[in-house]
Amino acid sequence: MIPNREMIAILREQYPEGTRVSLLQMNDAHAPEIGTCGTVKGVDDIGSIMVHWDNDSNLNVVFGEDYVVKI
């Protein structure tokens, strides 16, 4: 599910660059472990939160499928 422009704007407000997050769930075979922390680099045009994880991974948090919490 791709969010509409309004939802993307909300995500960008809630997760500005530099926001610290912790992973709750990610549906990817190469996902970091649950609880891994990272720093938001931005939100792309399809609503994915771009994160640089502390384990040096750069997998995005996919809107509606993966979940993080701000720390």
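Derivation of every value follows stated rules applied to the coordinates shown; laboratory data play no part. The model shown is predicted, which means the values in this text are computed figures rather than measured ones. Reconstructed Cβ throughout: ideal geometry from the backbone, glycine too, with neighbour counts over all protein chains shown.
Please list, short to long, the whole-number percent of alpha-carbon pairs of the chain in consecutive 5 angstrom bins beginning at zero.
3, 19, 32, 26, 15, 4, 0
With +1 on each Lys and Arg Cβ and -1 on each Asp and Glu Cβ, and nothing else charged, work out how big the dipole of the chain is about its Cα centre, in Debye to the nearest 20.
Numbers: 5 positive and 11 negative charges, 43 e Å.
Dipole size: approximately 200 debye.
Between 0 and 90 degrees, rounded to the nearest ten: what's the tilt of helix 5-14 against the longest Cα principal axis of the chain?
That helix lies at roughly 50 degrees to the long axis.
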